[in-house]
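The values are calculated or read from the model by the stated rules, or taken from the named source; none is laboratory data. Every value quoted in this text rests on a predicted model; they were computed, and no experiment measured them. Methodologically, a virtual Cβ is constructed for each residue, glycine included, from the backbone with ideal geometry; neighbour enumeration extends over all protein chains shown. Just so you know, the surface numbers come from the protein's heavy atoms only, side chains and all, with ligands and any DNA or RNA stripped out. Shrake-Rupley method; radii C 1.70, N 1.55, O 1.52, S 1.80 Å.
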Amino acid sequence: LAKTTQPISMDSYEGQEVNITCSHNNIATNDYITWYQQFPSQGPRFIIQGYKTKVTNEVASLFIPADRKSSTLSLPRVSLSDTAVYYCLVGDNYGGSQGNLIFGKGTKLSVKP
Amino acid sequence: GAVVSQHPSRVICKSGTSVKIECRSLDFQATTMFWYRQFPKKSLMLMATSNEGSKATYEQGVEKDKFLINHASLTLSTLTVTSAHPEDSSFYICSAGREGETQYFGPGTRLLVL
């Protein structure tokens with residue numbers, strides 16, 4: 001079973017900031033939080049990974065509270081091309097817990113003009 | 001990020017034939033590769049984990065004699081769907097990673113069995 005829970009879908013408009021929250025109440029000490037983006041008929045694309053506090057890269061930010069039981073992916077100023085399914089995974093990168101290999105249902109983000 | 005390729009990108013075959021799908025890590029050596037299957041409008045389902053030079057570990061419910069996995073080198077893993085049937089039609093995706101680092105996914109292979 002997936003270790004994460006996300007909203008099934010979200011709607012937004014171009015130019016808005018989108019925040020997708022993921023719950024992972026049973027996250028283990030060695031687990032990282034990783035977000036992927038998937039377009040139809042394509043493999044998932046790595047967006048961002050974090051362990052605690054805040055991580056930012058050129059496409060997104062990841063906010064992780066102190067208890068690490070949830071995380072929020074923030075996409076600034078979305079465009080139509082950001083319409084995709086977003087997956088949150090938690091697990092250690094050594095594959096031991098395999099949490100990072102088990103996909104939940106993901107969040108389908110629809111960006112409208 | 002790291003680049004993972006798959007070949008072919010799509011394949012159509014007749015029922016009863018076998019199909020081989022290749023997964024390559026292009027710019028890094030992958031200690032472990034993973035194979036997933038994804039049905040329309042569904043999430044990815046892990047099929048098996050393969051480590052270079054050893055037998056693959058299959059997830060519960062995945063037939064190891066039907067889905068043959070070979071991980072002959074640190075940059076290549078293959079998935080062979082043997083005696084394919086229409087219900088095997090799906091989107092097959094591989095991923096690769098180095099220990100201690102996140103995994104990167106290939107573009108996927110669309111299999112259609114007639």
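Only residues that are open to solvent by less than 60 Å² (accessible area, probe 1.4 Å) and in a strand (DSSP E or B) were counted across segment B:1-13, and they come to 5. Restricting segment B:14-42 to residues that are part of a loop (DSSP other than H, G, I, E, B) and open to solvent by less than 20 Å² (accessible area, probe 1.4 Å), the residue that is farthest from A:Ile8 (Cα to Cα) is B:Phe28. Of the strands (runs of 3 or more DSSP E) that lie entirely inside segment B:45-114, those containing 3 or more residues that are without any contact (Cβ under 8 Å) to a residue 24 or more places away in the chain span B:45-51, B:67-73. Take A:Ile33 and tell me if it is closer than 28 Å to B:Thr109 by Cβ, of a type in the set (Val, Ile, Thr) and modelled with pLDDT under 95. In short, no.
Could you tell me which residue of segment B:18-58 is modelled with the lowest pLDDT, considering only residues that are more than 13 Å from the chain's Cα centre (by Cα) and within 12 Å of another protein chain (Cβ to nearest Cβ)? Among them, the one singled out is B:Thr31. Filtered by the rule that a residue be within 11 Å of chain B (Cβ to nearest Cβ), without any contact (Cβ under 8 Å) to a residue 24 or more places away in the chain and either open to solvent by 30 Å² or more (accessible area, probe 1.4 Å) or hydroxyl-bearing (Ser, Thr, Tyr) (or both), segment A:32-74 gives A:Pro40, A:Ser41, A:Gln42, A:Arg45, A:Phe46, A:Gln49, A:Asn57.
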